[in-house]
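The values are calculated or read from the model by the stated rules, or taken from the named source; none is laboratory data. All values reported here derive from a predicted model rather than from experimental measurement. Neighbour counts are summed over all protein chains in view; Cβ atoms, including those assigned to glycine, are modelled from backbone coordinates with ideal geometry. To get the accessible areas, we keep the full protein, side chains included, count just its heavy atoms, and leave off ligands, DNA and RNA. Shrake-Rupley method; radii C 1.70, N 1.55, O 1.52, S 1.80 Å.
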Amino acid sequence: MISSEFKLTEWTSCGGCAAKWPGGRLSGLLGSVGNSDDPDLILGLAPFDDAAVYRLRPDLALVATTDFFPPLVDDPSDFGAIAAANACSDIFAMGGRVVLALNVAAFPEEFPERAIESIFSSASEVVRSAGGTVAGGHTIRAAEPIFGLAVQGLVHPERIWSKGGARPGNVLMLSKPVGSGIVLAAGTPEERSRAIAVMRTLNVRAADDLHELEADRHVHSVTDVTGFGLAGHCWEIAERSGIAVQILSSDVPLFEGVPRLARDGTRTGGHARNRAYLGENLAGDVPDHIEAIVLDPQTSGGLLAAVDPSCEEFLSCRGWSKVGRAVEGGPGVELVG
């Protein structure tokens, strides 16, 4: 039995998607690698998206992604579930369905085995809920615990969603609240508990909502909101689509406690990196705490979709929130009230 005093976050110095490399450095590294000339590689490194996509036959493609990070919560079960939901989200963001996953794990030798079992078990349960199976993996020794999954999915080659494709006039809809990094850093136990429950939740239902709209070709761009924050992922859509994105800051859904904590100055380690990544590509005359919220690194965040305005009511009824709009100009991101 795991001691009630056991806390995962005491084993690490940086947790969740805030542990990502800075966006600017990552883009430079991937650009130096180059891309394959394989004609069946639909999406790879140039440009990179939420996952790689490889054509298997004219009507079927493989979607592959890997995502792992140090603990950001204290309970092993929560950590395993959040890591699995976060990794599966990349498949959903590409329009695919999850079929297979492999654990990617590293733990100190003195790490309690019961904690590892709990992480593995809860992750496997989430993958099953996503429609897939954990079929193996690899575990090594390390100074700090790290866990995640390599996930494979399937998609029709003509029904892939990507970060590019947003059009002026599109509305940007978001399926989960923002501010989990801020809440986990300084929120009350109740606020943290509510945020963790949402972070454990798969984006499969949100993806299903978008699939219902796909028959009319109204879904133009999709990604998920993770370590680069809402503003960073809006920038990726803007850059890949050749448009400008306006974030409607007063309409962004927030976890309970976020406005108070942000006004009080709570910031995570990823905040400064995200601000540097966006640089002059983020503009807008808004209070500092509002900018901090949209830069806050998220883990297992919601799907962010640029869709035809006719879809807004449908998605709003399914729990989505309108957080922005695509406009002529840019590429760039502007914060507006």
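Checking Phe111, Phe120 one by one, the residue that is over 23 Å from the mean Cα position of the chain (by Cα) and either among the small types (Gly, Ala, Ser) or outside any strand (DSSP E or B) (or both) is Phe111 and no other.
All conditions but one from (1) under 18 Å from the mean Cα position of the chain (by Cα); (2) within 21 Å of Leu72 (Cα to Cα); (3) aliphatic (A, V, I, L, M) apply to Ala186; the one that does not is (1). For the range 209-251, a tally of residues being out of contact with any Ser or Thr (no Cβ under 7 Å at 6 or more places or on another chain), among the β-branched types (Val, Ile, Thr) and part of a loop (DSSP other than H, G, I, E, B) returns 2.
Can we say Ala262 is part of a helix (DSSP H, G or I), touching a residue at least 12 places away in the same chain (Cβ under 8 Å), hydrophobic (A, V, I, L, M, F, W, C) and open to solvent by 50 Å² or more (accessible area, probe 1.4 Å)? In short, no.
Set side by side, the residues Lys163, Lys176 differ, and just one is open to solvent by less than 10 Å² (accessible area, probe 1.4 Å), farther than 18 Å from Lys7 by Cα and in a loop (DSSP other than H, G, I, E, B), which is Lys163.
Counting only strands (runs of 3 or more DSSP E) wholly contained in the range 1-91, the ones carrying 2 or more residues that are open to solvent by less than 50 Å² (accessible area, probe 1.4 Å), modelled with pLDDT of 90 or more and closer than 30 Å to Pro189 by Cα occupy 60-69. Of the residues making up the range 198-231, those that are of a type in the set (A, V, I, L, M, F, W, C), surrounded by fewer than 24 Cβ atoms within 10 Å (Cβ to Cβ) and under 20 Å from Asp78 (Cβ atoms) are Val198, Leu202, Val204.
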